[in-house]
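Just below is one structure, and these are the notes that go with it.
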Amino acid sequence: MASVVSINISTEKGTIKKTIDEGNFIENFGLENDAHGGNWHRQVSLLAKESIDKMRDRGIELNPGIFAENITTEGIELYTLPVGTKIRIGDTIHEVTQIGKTCHAACEIRTIIGDCIMPREGIFTKVLKSGKIKQGNDIEIIDNEA
């Protein structure tokens, strides 16, 4: 079963996020008080612990949120989910809107370690149904029911 490892937030774009116990995710906005929130297609970013582990295998110690992901997951290959896939996380429902991204020039993690896995294996969603998400919540792929 796929689950949430951590919820991560930052007040400025392009910075490493800090972990919080629980997040309030708002329909058509994203994570409340997060710098990346807004009415656009990349409201919430997700990255799998397994993807982070690929970077750890290079001998680099990394924690959730270091790739600026809002939700760190476990047990699901996020980057294989097609755009349009709907997922339930905690009380919320999200729709996958983008797989990967172009890393911006001022990417803090790329500057620190020389590489960033987010552009290859991170995904982005928009929030279709508001609610709370906390560490340990299950992640479920659902049919078109939002």
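The values are calculated or read from the model by the stated rules, or taken from the named source; none is laboratory data. Note that the structure is a prediction, hence the values are computed from the model and not measured. Positions of Cβ are generated from backbone atoms using ideal geometry, with glycine treated the same way; all protein chains shown enter the neighbour counts.
All of (1) buried (at least 17 other Cβ atoms within 10 Å of the Cβ); (2) in contact with a Lys or Arg (Cβ under 9 Å, 6 or more places away or on another chain); (3) touching a residue at least 40 places away in the same chain (Cβ under 8 Å); (4) not in a loop (DSSP other than H, G, I, E, B) hold for PHE67 with one exception: (4). If you go through region 76-91 and keep only what is touching a Lys or Arg at 6+ places or on another chain (Cβ under 9 Å) and more than 17 Å from MET118 (Cα to Cα), you end up with ARG88, GLY90, ASP91.
Filtered by the rule that a residue be out of contact with any Cys (no Cβ under 8 Å at 6 or more places or on another chain) and at pLDDT below 70, region 90-111 gives HIS104, ALA105, ALA106, GLU108, THR111.
For beta carbons closer than 6 Å, sequence separation of 6+ or different chains, a first residue in region 34-51 that is over 14 Å from SER10 (Cα atoms) and a second that is small (Gly, Ala, Ser) and surrounded by 17 or more Cβ atoms within 10 Å (Cβ to Cβ), the qualifying pairs are LEU47/GLY122.
Give the residues of region 115-146 that are modelled with pLDDT of 95 or more and more than 17 Å from THR73 (Cα to Cα), sorted by residue number. Answer for region 115-146, where residues must be modelled with pLDDT of 95 or more and more than 17 Å from THR73 (Cα to Cα): LEU128, LYS129, SER130, GLY131. Scanning region 73-88 finds no residues that are closer than 22 Å to GLY37 by Cβ, surrounded by fewer than 17 Cβ atoms within 10 Å (Cβ to Cβ) and modelled with pLDDT under 80. Test GLY14 against the stated conditions and say whether it is modelled with pLDDT under 95 and either surrounded by 13 or more Cβ atoms within 10 Å (Cβ to Cβ) or under 18 Å from PRO64 (Cα atoms) (or both). So GLY14 fits the description; yes.
Pairs linking a residue in region 9-22 that is over 14 Å from GLY38 (Cβ atoms) to a residue that is of a type in the set (Ser, Thr, Tyr) and in a loop (DSSP other than H, G, I, E, B), with Cβ atoms under 8 Å and 6 or more positions apart or on different chains, are ILE16/SER10; LYS17/SER10; LYS18/SER10.
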